[in-house]
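Below: the structure, in structure tokens.
The values are calculated or read from the model by the stated rules, or taken from the named source; none is laboratory data. Remember, predicted model here, so these are calculated numbers, not experimental data. Reconstructed Cβ throughout: ideal geometry from the backbone, glycine too, with neighbour counts over all protein chains shown.
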Amino acid sequence: MNQNNYPTVRELDGVYVRVKRGEKYYNLCFSDLTNNEQQNFLERLNQEGLQRMCKLLAGELRAMGDQFDIVRKHDSEDEDDG
């Protein structure tokens, strides 16, 4: 596997997908896939599967935000009203 062509494997989301890269198969998190690999996986899911995945990803994102006390700051919050 040529590491320069693939995202860094971080294993953040918990949605594991089996993909073939070269001659080998890998079990990788959805967020560690290339755009094409993500698209191929999403095309195989029905509506219920997509909903479950969205809820799982939202839960994982929420857990990371809670764990590290992350809050998105919007550009409008940088402006000074005075």
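To keep it simple, each residue is scored yes or no on (1) of a type in the set (D, E); (2) exposed (fewer than 11 other Cβ atoms within 10 Å of the Cβ); (3) without any contact (Cβ under 8 Å) to a residue 24 or more places away in the chain.
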site	(1), (2), (3)
N27	no, yes, yes
F30	no, no, no
E37	yes, no, yes
Q47	no, yes, yes
L50	no, no, yes
K55	no, yes, yes
A63	no, no, yes
D66	yes, yes, yes
V71	no, yes, yes
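Looking at the structure I just gave you, is N36 modelled with pLDDT of 95 or more and either over 16 Å from the mean Cα position of the chain (by Cα) or part of a helix (DSSP H, G or I) (or both)?
In short, yes.
Given the criterion within 23 Å of Y6 (Cα to Cα) and of a type outside the set (D, E, K, R), identify the matching residue among N27, N46.
Only one candidate qualifies: N27.
Can you tell me how many residues in region 1-25 are over 29 Å from G65 (Cβ atoms) and surrounded by 13 or more Cβ atoms within 10 Å (Cβ to Cβ)?
1
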